[in-house]
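K.L.:
This is the structure I want to talk about, given as structure tokens.
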Amino acid sequence: MVLIERIYRRGHEPLTSVDQIEKFETSDGYVTPNEVLAREIGADSENCFYKNQEGKRKKVVATKDDQGVWHMQTIGTTDPTTDGLLQLPHMQDIWG
């Protein structure tokens with residue numbers, strides 16, 4: 001199981017999808033690019049979690065498109081107004 005502790009991204013626009021995140025830092029201090037984590041989760045079916053605003057654990061999943069590119073999404077919703085992952089400003093390091 002991987003627990004996301006921190007999110008790194010560029011720019012100042014609000015996140016609207018998990019794919020906009022550039023890197024994750026996991027609870028064990030491991031920093032990995034978004035696409036690498038997606039490939040690991042998708043290929044190995046390893047569980048990846050983050051805590052939403054209510055402190056509940058939510059799962060992130062990865063799927064591969066027809067071009068072979070991995071994409072991450074949260075289970076339940078990809079709507080930025082209701083996606084707990086995208087409502088965690090304390091986890092975001094904004095670059096740029």
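The values are calculated or read from the model by the stated rules, or taken from the named source; none is laboratory data. Please read all numbers here as calculations on a predicted model, not as lab measurements. Note that each Cβ is placed from the backbone with ideal geometry, even for glycine, and that neighbours are counted across all protein chains shown. Accessible surface areas use protein heavy atoms only, side chains included; no ligands, DNA or RNA. Shrake-Rupley method; radii C 1.70, N 1.55, O 1.52, S 1.80 Å.
K.L.:
Can you give the relative contact order of the chain as a percent, counting alpha carbon pairs under 8 Å and 6+ residues apart?
P.N.:
Across the chain, relative contact order equals 34 percent.
K.L.:
List the GluC sites (Glu not before Pro) within region 7-63 that fall in a DSSP loop (any state other than H, G, I, E or B) and whose Cβ has at most 10 other Cβ atoms within 10 Å. Present the calculation step by step, with values, prior to reporting the outcome.
P.N.:
Numbers: sites: GLU22, GLU25, GLU35, GLU40, GLU46, GLU54; in loops: GLU22, GLU46, GLU54.
Counting only loop positions with at most 10 other Cβ atoms within 10 Å, the GluC sites (Glu not before Pro) in region 7-63 are GLU54.
K.L.:
Antiparallel versus total DSSP beta bridges in region 1-72: what percent is that, nearest 5?
P.N.:
Given both bridge residues lie in region 1-72, the antiparallel proportion sits at roughly 90 percent.
K.L.:
Something else now. Report the full-extension gain for the segment VAL36 to GLU13: residue separation times 0.36 nm, less the Cα-Cα distance, to one decimal in nm.
P.N.:
Fully extending the segment from VAL36 to GLU13 adds 6.0 nm.
K.L.:
At 0.36 nm per residue, and after removing the present C-alpha to C-alpha distance, how many nm does the segment from LYS64 to ALA43 gain when stretched out fully?
P.N.:
Gain on stretching LYS64 to ALA43: 6.6 nm.
K.L.:
Ignoring ligands, DNA and RNA, what accessible area per residue does the chain give at 1.4 Å, in Å²?
P.N.:
Here the per-residue accessible area is 59 Å².
K.L.:
DSSP loop (so not H, G, I, E, B), at most 16 other Cβ within 10 Å: list which chymotrypsin sites (Phe, Trp or Tyr not before Pro) in region 24-88 pass both filters.
P.N.:
Values: sites: PHE24, TYR30, PHE49, TYR50, TRP70; in loops: TYR30.
When the chymotrypsin sites (Phe, Trp or Tyr not before Pro) of region 24-88 are filtered for loop state and at most 16 Cβ neighbours within 10 Å, TYR30 remain.
K.L.:
To continue, here is another question. Shape call for region 20-86 from the C-alpha gyration tensor, a ≥ b ≥ c root eigenvalues: rounded (a/c under 1.5), prolate (a/b greater than b/c) or oblate?
P.N.:
Here region 20-86 falls in the oblate category.
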